[in-house]
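Colleague: Structure below; questions to follow.
The values are calculated or read from the model by the stated rules, or taken from the named source; none is laboratory data. Here the structure is a predicted model, which is why all the values come from computation and not from measurement. Because the Cβ atoms are built from the backbone with ideal geometry, glycine has one as well, and the counts that use them run over all protein chains shown. Just the protein is used for accessible areas: all its heavy atoms, side chains included, with ligands, DNA and RNA removed. Shrake-Rupley method; radii C 1.70, N 1.55, O 1.52, S 1.80 Å.
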Amino acid sequence: MKFDFLEIGILDILDIVLVAIMLYYLYKLVRGSAAINIFIGIVIIYLLGKLTALLNMEMLSSVLGEFIGVGMIALVVVFQQEIRKFLLMLGSTNLTSKNIFLKSFNLNDTENDSKYLSEIIKAVKDLSKKRTGALMVFQRNTQLDFVKDSGDEMDILINKPILQSIFFKNSTLHDGAIIIEGNKITATRVILPVSNSREIPLRFGLRHRAAVGITEKTDALAIVVSEENGQVSYLKNGEFAIYDNYDDLMKKLKADLQ
């Protein structure tokens, strides 16, 4: 069969671009979680189904087609958390204010990003040493207005002294979480939804459950400093992410925010 490239029109190109964008955001949602393996498996089965149909392997093509058809119900159950995040992202993403396309192509000021992330890590290190409880939430694509409204609106450039003063034990801003957007703190004393997951170890309190809750319901990231032992936890996709040291934590945070 001869393929004529002249038959490709603007709508065909648009179709390919939109599918590529959709797959990219789906990959971002499941990246770093156990669901990534299932996602890759689904893509492989789908491509095999298309290949067998193209080669007229009717029996294998039929089996793979039935498998994909029946498996759709199971996928809704397996990916319910990811599907919720995807729909939240579509419904609440502000393309203009968050510069998503610039972030996708790494056109933002990376030097400035490193500067404010360095200030955050320095503050976290100090809070951990003094065993001062803290909860920081980093907004990504999903807008967090539904939780920001529960706290105090702010517009403060991030630096170590500011973070230390906010989480100082006698500070009126100490309770609740802070919301970080880019290089600014946009809300303090924010009340977050608490996770009811039974998989969270009993040694973790409400601060950690709140961090799990917000990262379950949105694509936000969270850093928690324990008031009891100074332990620093990094949360993503409703799970505790493992890191080796503070430098590694900064690298992971920077990569996840891009």
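Colleague: For residue 153 and residue 229, compute 0.36 nm times the residue count separating them, minus their Cα-Cα distance, and round to one decimal in nm.
Modeller: Numbers: separation 76, 0.36 × 76 = 27.36 nm, distance 3.00 nm.
Answer, rounded to one decimal: 24.4 nm.
Colleague: What's the FRET efficiency of residue 55 with residue 146 using the Cβ-Cβ distance as r and R₀ = 51 Å, to the nearest 0.05? If you can, show how the numbers build up before the last one.
Modeller: Values: r = 50 Å, r/R0 = 0.98.
For R0 = 51 Å, the calculated efficiency reads 0.55.
Colleague: Moving on to the next point. Could you rank 148, 125 by how accessible they are, 1.4 Å probe, largest area first?
Modeller: On the way: 148 40, 125 95 Å².
So the residues, ranked largest to smallest area, are 125, 148.
Colleague: Just to confirm, what accessible area per residue do you get for the stretch 157-227 at 1.4 Å probe, in whole Å²?
Modeller: Values: 3250 Å² over 71 residues.
Per residue, the stretch 157-227 has 46 Å² of solvent-accessible surface.
Colleague: Something else about it: Calculate the FRET efficiency for residue 66 and residue 126 from the Cβ-Cβ distance with a Förster distance of 51 Å, rounded to the nearest 0.05. List each step's numbers first, then the result.
Modeller: Working: r = 59 Å, r/R0 = 1.15.
Once rounded, the FRET efficiency stands at 0.30.
Colleague: Turning to a different aspect of this structure: Calculate, for residue 165 and residue 16, the FRET efficiency according to 1/(1 + (r/R0)^6) with r their C-beta to C-beta distance and R0 45 Å; round to the nearest 0.05. Mind dumping the intermediate values first?
Modeller: Working: r = 51 Å, r/R0 = 1.13.
Taking R0 as 45 Å, the efficiency between residue 165 and residue 16 is 0.35.
Colleague: For the ranges 239-247, 217-225, what's the packing order if you count other beta-carbon atoms within 10 Å of each residue, average per peptide, and put the highest first?
Modeller: Values: 239-247: 12.9, 217-225: 23.6.
Highest mean packing first, the order is 217-225, 239-247.
Colleague: Please list 13, 166 from largest to smallest accessible area, probe radius 1.4 Å, with all protein chains kept in place. The partial results should precede the final answer.
Modeller: Details: 13 95, 166 5 Å².
The most accessible residue leads, giving 13, 166.
Colleague: Turning to a different aspect of this structure: Using the structure shown, select from 169/251; 169/254; 130/217; 130/160 the pairs with a Cα to Cα distance greater than 24 angstrom. Write out the running numbers ahead of the final one.
Modeller: Working: 169/251 29 Å; 169/254 28 Å; 130/217 31 Å; 130/160 14 Å.
Violating the 24 Å Cα-Cα cut-off are 169/251; 169/254; 130/217.
Colleague: Give me the accessible area of residue 22, 1.4 Å probe, in Å² rounded to the nearest 10.
Modeller: 90 Å²
Colleague: Hey, any idea what % of the stretch 161-258's accessible area is carbon plus sulfur with a 1.4 Å probe?
Modeller: Carbon with sulfur: 50 percent of the solvent-accessible area.
Colleague: Just to be sure I understand the model, the point goes 7 Å from the Cα along the line to the Cβ. What's the resulting residue 27 to residue 199 distance in nm?
Modeller: According to this spin-label approximation, the distance is 2.4 nm.
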